[in-house]
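What follows is a single structure, written as structure tokens, with notes after it.
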Amino acid sequence: MKAPPFDYVRPATVAEALAHLKQGGDSAMVLAGGQSLGPMLNLRLARPTLLVDISRLADLSRTATVNGTLAIGSAVIHADIEDGKVPDPCHGLLTETAGTIAYRAVRNRGTIGGSLSHADPVGDWCPVLMALGASVVAASAAGERTIAVADLVEGILTTSLRPGEIVTEIRIPRLAATARWGRYKICRKPGKFADAIAVVVMDKAAGQSRVAIAMPNHRPVLLPQAAVHLLALKGADRDGLTAFRNAARTELAAVGASDELQLHILSAAAMRAAAHAFNR
Ligand SMILES: Cc1cc2nc3c(=O)[nH]c(=O)nc-3n(C[C@H](O)[C@H](O)[C@H](O)COP(=O)(O)OP(=O)(O)OC[C@H]3O[C@@H](n4cnc5c(N)ncnc54)[C@H](O)[C@@H]3O)c2cc1C
């Protein structure tokens, strides 16, 4: 199928883009890399009358580090993060994540801000950024606000972004030297939807840990009890990891993982991510 007809604008500044979105109202949409929106248009699952192309806005393609926090422009493409053109203050977690998104053609166009805004339940960025305690800046004609990534994705393809808002920046706190991370993605083939993505970040010295899980039928979740359990582990011994997996499984069942098979897949991914964190 072909996309329905729409008007297209490529503004020169963020302010201009926001003005177009305000004028276009509910039927205007942001276009970034088009890797998710393109298919949605062709399948007529999205029917905007106006597309506001932000992919070439210089202000959204910059990165900066301020007080130990990395600010990545929302239009930065996955490939630039994969290639190390963006600093990675998270000991390689950002670079590894970018490199496992689909295949290079998708990574050459898809953007980090587009990925978060699209809110695919098994998008790669959301669980990673949740585990890192990252936030996004959302701008509209009315001003700016900051939203924790954990509060951004409310459901499958559903975010807390308001009409007329553009994600302009992703803010990622630097990981301490004492912090470790582990990530495990279960995906049958690159470019296909994942069955599970588990990300753990722990800093025993600071007493902090987060466990984030993404699954196909639910928004990504943080598992606070499993995170406490993780912090108490002494290392990657089998008994400790099995107890951690069971804690993750109990919490996943409570948030609604659908059946025994899915609980097994998700909790196994969590356990492997934890093992990676200890063995890294
Ligand atoms: C074959 C294929 C395989 C893929 N596999 C993976 C995968 O393994 N892992 C993964 O994570 N992703 C995967 N993707 C998705 C890819 O990462 C996309 O890049 C991403 O989901 C959307 O980014 P985009 O820049 O292309 O956004 P677009 O497609 O342009 O936009 C997506 C949505 O977000 C909105 N939007 C975009 N940017 C903003 C913004 N700054 N502010 C507000 N709203 C905005 C748009 O209006 C639209 O609703 C895959 C895509 C394809 C085509």
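The values are calculated or read from the model by the stated rules, or taken from the named source; none is laboratory data. Remember, it's a predicted structure, so these values are computed and weren't measured experimentally. No Cβ is skipped: glycine too gets one built from the backbone with ideal geometry, and neighbour counts run over all protein chains shown.
Starting from the stretch 43-56, take each residue that is acidic (Asp, Glu) and list its partners that are more than 8 Å from the ligand (Cβ to nearest atom), counting only C-beta distances under 8 angstrom and pairs at least six apart or across chains. Final answer for the pair search is Asp53/Tyr8; Asp53/Val9; Asp53/Arg10; Asp53/Pro11.
Out of the residues in the stretch 49-62 that are in contact with a helix residue (DSSP H, G or I) (Cβ under 9 Å, 6 or more places away or on another chain) and assigned to a loop (DSSP other than H, G, I, E, B), state the one that is nearest to Tyr8 (Cα to Cα). My answer is Thr49.
Residues that are assigned to a loop (DSSP other than H, G, I, E, B) and loosely packed, with under 15 Cβ neighbours inside 10 Å were ranked within the stretch 88-117; the one that is nearest to the ligand (Cβ to nearest atom) is Tyr103. Being at pLDDT 95 or above and of a type in the set (Val, Ile, Thr) is not true of Val255. The residue that is farthest from the ligand (Cβ to nearest atom), among those in the stretch 73-87 that are part of a loop (DSSP other than H, G, I, E, B) and closer than 21 Å to Asp53 by Cβ, is Val76.
Residue check: is Leu129 crowded, with 22+ Cβ neighbours inside 10 Å, within 18 Å of the chain's Cα centre (by Cα) and closer than 25 Å to Gly182 by Cβ?
On the way: crowded, with 22+ Cβ neighbours inside 10 Å: yes; within 18 Å of the chain's Cα centre (by Cα): yes; closer than 25 Å to Gly182 by Cβ: yes.
Judged against the criteria, Leu129 is a match.
Whether any residue in the stretch 63-72 is in a loop (DSSP other than H, G, I, E, B) and either within 8 Å of the ligand (Cβ to nearest atom) or of a type in the set (Ser, Thr, Tyr) (or both) is what I want to check. No, that holds for no residue. Do we find that Asp120 is surrounded by fewer than 20 Cβ atoms within 10 Å (Cβ to Cβ), outside any helix (DSSP H, G or I), away from the ligand (no atom under 14 Å from the Cβ) and of a type outside the set (Ser, Thr, Tyr) in this structure? Considered against the rule, which asks whether it is surrounded by fewer than 20 Cβ atoms within 10 Å (Cβ to Cβ), outside any helix (DSSP H, G or I), away from the ligand (no atom under 14 Å from the Cβ) and of a type outside the set (Ser, Thr, Tyr), Asp120 comes out as no. As a summary of the residue check, Pro127 satisfies the conditions (1) in a loop (DSSP other than H, G, I, E, B); (2) of a type outside the set (D, E, K, R); (3) closer than 22 Å to Ala274 by Cβ except for the one numbered (1).
Among the residues of the stretch 159-173, which ones are on the phi < 0 side of the Ramachandran plot and part of a loop (DSSP other than H, G, I, E, B)?
Pass one, the stretch 159-173, residues on the phi < 0 side of the Ramachandran plot: 159-163, 165-173.
Ser160, Leu161, Arg162, Pro163, Glu165 - these are the residues of the stretch 159-173 that are on the phi < 0 side of the Ramachandran plot and part of a loop (DSSP other than H, G, I, E, B).
With the structure loaded, tell me whether Ala46 is within 15 Å of the ligand (Cβ to nearest atom), assigned to a helix (DSSP H, G or I), within 20 Å of Val106 (Cβ to Cβ) and among the small types (Gly, Ala, Ser) or whether it fails that test.
Values: within 15 Å of the ligand (Cβ to nearest atom): yes; assigned to a helix (DSSP H, G or I): no; within 20 Å of Val106 (Cβ to Cβ): yes; among the small types (Gly, Ala, Ser): yes.
Against the criterion (within 15 Å of the ligand (Cβ to nearest atom), assigned to a helix (DSSP H, G or I), within 20 Å of Val106 (Cβ to Cβ) and among the small types (Gly, Ala, Ser)), Ala46 does not qualify.
Exactly one residue among Ala270, Ala236, Ala205, Ala274 is farther than 20 Å from Leu94 by Cβ and in a helix (DSSP H, G or I), and that residue is Ala270.
Within the stretch 156-165, none of the residues are within 13 Å of the ligand (Cβ to nearest atom), buried (at least 24 other Cβ atoms within 10 Å of the Cβ) and either at pLDDT 95 or above or within 14 Å of the chain's Cα centre (by Cα) (or both). Reported count of residues in the stretch 146-183, each being of a type in the set (Gly, Ala, Ser) and farther than 24 Å from Ala273 by Cα, is 2.
Rundown of residues vs (1) over 15 Å from Met130 (Cα atoms); (2) polar (S, T, N, Q); (3) more than 16 Å from the ligand (Cβ to nearest atom); (4) not in a loop (DSSP other than H, G, I, E, B), yes/no style:
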site: Leu175; (1), (2), (3), (4): no, no, yes, no
site: Thr178; (1), (2), (3), (4): yes, yes, yes, no
site: Gly182; (1), (2), (3), (4): no, no, yes, yes
site: Lys185; (1), (2), (3), (4): yes, no, no, yes
site: Gly191; (1), (2), (3), (4): yes, no, no, no
site: Ala214; (1), (2), (3), (4): no, no, no, yes
site: Arg219; (1), (2), (3), (4): no, no, no, yes
site: Leu231; (1), (2), (3), (4): yes, no, yes, yes
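Can you tell me which residues in the stretch 10-37 are surrounded by fewer than 17 Cβ atoms within 10 Å (Cβ to Cβ) and not in a helix (DSSP H, G or I)? Arg10, Ala12, Thr13, listed by residue number.
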